[in-house]
Amino acid sequence: KYLTPAARRGALLGKPRLWWLALPSRGMASTGDGYPEQGSEAPAKVKKPRPLPPPPPPAVATASLLIRGAAARVLGLNPGKSGGELQPIWVTEPGCSKVTITFDASARSPFPKEDDHPALINAVEEETNRLASAGGAIAVFEIENKAAAEAKYGQGICVNAEPVRLAHLPGAALVEIPQNWTLCGRLEACGKISFLVKEVEEGSKKKPDTMILAKKKQLFVKFQVEHRDAPAAEASGEAPSADAVKGVLDSSVRVSVEGVDVNKAAKVEAKAEAGEAAEPEGEMVVDPWSVKGKIDYTKLIREFGSSPISEELKERMLKLLKKKGKIVDLHRWIRRNIFFSHRELEAIIALQEKEQPFYLYTGRGPTSAAMHMGHLLPFMFTQWLQEAFDVPLVVQMTDDEKFLWKGEYDPDKADDTKTGDNLDWYRYLTVENAKDIIACGFDKNKTFIFSDCDYVGHMYPNIVRTWKAITYSTAKGAFGFTPESNVGQSAFPAIQAVPSFSSSFRIPLKGNDNMACLIPCAIDQDPYFRVTRDIAHKLVGKNHPLKGKPSLIHCKFFPPLQGAEGKMSASDSNSAVYLTDTPEEIERKIREHAFSGGRQTAKEQREKGANLHLDVSFQWLTFFLEDDELLKKIEAEYGSGTGDYWNTSAVKEKLIEVLKVLIAKHQEKRKKVSDDMVKEWMAVRELKF
């Protein structure tokens, strides 16, 4: 009965076989006579710990960290842990090594096609040498354990439990390094870093040593250092502050790549030189996840079924608000048609004319610790609405959404008490983003900021009602779910929908289940609330003034610095001005990256004036310059090539001036917001209204 089927067949055929070698081993051990002992276990094999790889020379180790930092800036990554991925080929090829970098979390999504890979590799090499030549002292230090390191620098900064050994390369990287590594004392010590074997001869079956494998999401770089015998420095240096390393821990794309990122701008410029209308190419796509092509707002109103904000409605709103005595004029974004579309805004005004209450609802999906100006817009406008109408506000922080779409799981990060995912990272970002929101000047007594992960229990009855009311067919059609979508993504729209109903805030809104809701948002978020409005009557009583439907007021997209296409991207730091940017960074970004609608020569600019529709600096001034008369002057002079603002340089300087003042004020206010203050704003409590 102990024979395997193969051994049994051999025995029946009379073939001699060492059949006892094929006996099953699970749950039994063999006795001396060849028969198994029942119920005994085979001794478990003890797996020997893998020894540390041989330490690289200091110059090679330093260069590998610079490459990691450069790749992070080009591909949109966190530099991550270093060590085991470094091949010890310096033994046979002095001064050389090969580093493997995984980019499955790259902010370049979709990742560029194979034709663009050489340009990306060249950009990483150039950025590596730029970081090295910038110079700076390297600090190597230890933190007692993983918990302390993550508390200071954020989740994912390290893998080892204790002690954690980190290297800080100013402007390049903050990474965990193996205990047996030594580094150079300064960034520039290893000299020029050259990438090797980036190409192979045509027809060769060999692959390049330096290449991108998109399917495996890996970048391989074989490199050589100029000063291979650069000495090691003593492991010393102070741990940098969390603020000092925000830039190197930012996982957005921070380097524009010629031919990959800049080619669209080049096409636009070429058209402008040819005298053509330099407009973005491709069909318009506007949904909650992507904005592409030339944006036709009139067409969007028609396709989405919303209504334009008429002059009559503006006058009615102004009359109401003047009567309240809070303001003397409408917000400039209403005056200038930046908020241009709505759903039942007139119903909200009618309620206020009857002195009936409503509340505001807006939100933020935390993706990075540093928000940019595009992120700030809805909060600046919502703060004005709160002050003008004197109403309560709820702010939803969708840490759950960002984890469902961007979250990661790494089994190596799991331990006895923690999972290997990064949900807590998005909860940390929630607190950091809440500080920026609070700095916008909201009324604390009338504002409740909440994390979905913390508050979802209060909303759960309405979430269940929403799930019941929306068929999967409707959700799939509205949100584009595919078989690859996880179940959380399919369920999330209900979580974003239910703050539209005051019954989701029984404590903050004092149990008033019939309050109407107004949602200021960019128009790409409208699909969420179109579906919500369709089923709203199922979540409210018969006395709700709008039958449960939330009202919306839509704004236009804030253009990226490079222009051309509709919406600013957080994945490319050069497309945005961040709230953490220094005055010098603001100047550099506007001067170097703000796309110009000006002409190619001074003579042509004087004759024809600028194309204001394409000029990003002018477009940004329409958002941030409060003075209507000055904006009209700039528009007239820049558009005709006359007066003080006849050229691009003058307009850019005005924008730099405006942004410096605005961001400096915001940074000053944010400094005063502590973690404890955030807890107070996020405490479930009755609002005062």
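Stokes-Einstein at 20 °C, 1.002 mPa s, Kirkwood radius from Cα pairs: D for region 174-261 in µm² s⁻¹?
127 µm²/s
Stretched out fully, how many nm does the piece from THR419 to LYS688 gain, at 0.36 nm a residue minus the Cα gap?
Residue separation times 0.36 nm, minus the Cα-Cα distance, leaves 92.9 nm.
Once both labels are modelled 7 Å past Cα along the beta-carbon direction, what's the ASP243-LYS632 spacing in nm?
Between ASP243 and LYS632, the simple spin-label model gives 4.2 nm.
Expressed as a rounded percentage, what relative contact order does the chain have, with Cα pairs under 8 Å and six or more residues apart?
On the way: 1187 pairs, mean separation 80.5, N = 689.
Relative contact order, the chain: 12 percent.
For region 590-689, just say rounded, prolate or oblate: build the C-alpha gyration tensor, square-root its eigenvalues into a ≥ b ≥ c, call rounded for a/c under 1.5, and beyond that prolate if a/b exceeds b/c, oblate if not.
prolate
So how do SER485, SER451 rank on accessible area, 1.4 Å probe, biggest first, that is with the largest at the start?
SER485, SER451
For region 107-145 and region 321-360, what is the separation of their C-alpha centers, rounded to whole Å?
Region 107-145 and region 321-360 have Cα centres separated by 48 Å.
Excluding residues on the same chain fewer than 8 positions from LYS608, give the aspartates and glutamates whose Cα lies under 19 Å from its Cα.
Candidates past the 8-residue exclusion: GLU269, GLU273, GLU276, GLU279, GLU635, GLU637, ASP644.
Taking only protein heavy atoms into account and a 1.4 Å probe, give the accessible area per residue of the chain in Å².
Accessible area per residue: 49 Å².
Over region 401-524, what is the relative contact order in percent, taking alpha-carbon pairs closer than 8 angstrom and at least six residues apart?
Once divided by the residue count of region 401-524, the mean separation gives 19 percent.
Rounded to the nearest 10 Å², what accessible area does PHE358 show when all protein chains are kept and the probe is 1.4 Å?
Result for PHE358: roughly 0 Å² accessible.
What is the mean projected area of the alpha carbon convex hull for region 441-536, to one decimal in square nanometres? Mind showing how you got there, number by number?
Values: hull surface 28.7 nm².
For region 441-536, averaging the hull's shadow over all directions gives 7.2 nm².
Starting with the highest mean, order 54-66, 118-130, 93-105 by the number of other Cβ atoms within 10 Å, averaged over the residues of each peptide.
54-66, 118-130, 93-105
Please report the antiparallel percentage of DSSP beta bridges with both residues in the chain, rounded to the nearest 5.
Numbers: 40 of 59 bridges.
Of the beta bridges lying entirely in the chain, close to 70 percent run antiparallel.
Pairs LYS444/LYS665; LYS246/LYS672; LYS632/LYS652; LYS292/LYS549; LYS324/LYS354: which are spaced more than 23 Å apart, C-alpha to C-alpha? Kindly include the intermediate steps, with their values, before the conclusion.
Details: LYS444/LYS665 19 Å; LYS246/LYS672 18 Å; LYS632/LYS652 16 Å; LYS292/LYS549 29 Å; LYS324/LYS354 12 Å.
Violating the 23 Å Cα-Cα cut-off are LYS292/LYS549.
Give me the percent of accessible area attributable to carbon and sulfur for the chain, probe 1.4 angstrom.
Of all accessible area on the chain, carbon and sulfur atoms account for 51 percent.
Using a cut-off of 21 Å between alpha-carbon atoms, which lysines can reach LYS222, once sequence neighbours fewer than 8 places away in the same chain are excluded?
Cross-link targets: LYS81, LYS98, LYS192, LYS198, LYS205, LYS206, LYS207.
Return a whole-number percent for the relative contact order of region 118-215, with Cα pairs under 8 Å and 6 or more residues apart as the contact set.
Once normalised by length, the contact order is 28 percent.
If you project the alpha carbons of the chain onto their three principal axes, what span does each projection cover, largest first, in Å?
Ordered largest first, the chain gives principal extents of 101, 67, 51 Å.
What FRET efficiency, computed as 1/(1 + (r/R0)^6) with R0 = 25 Å and r the Cβ-Cβ distance, is obtained for ALA137 and ARG588, rounded to the nearest 0.05?
For R0 = 25 Å, the calculated efficiency reads 0.55.
The values are calculated or read from the model by the stated rules, or taken from the named source; none is laboratory data. Treat the numbers as computed from the prediction; the structure is a model and nothing was measured. Quick reminder, even Gly has a Cβ in these numbers, built from the backbone with ideal geometry, and neighbours come from all protein chains shown. Please note that ligands, DNA and RNA were not included when accessible areas were found on the heavy atoms of the full protein model with its side chains. Shrake-Rupley method; radii C 1.70, N 1.55, O 1.52, S 1.80 Å.
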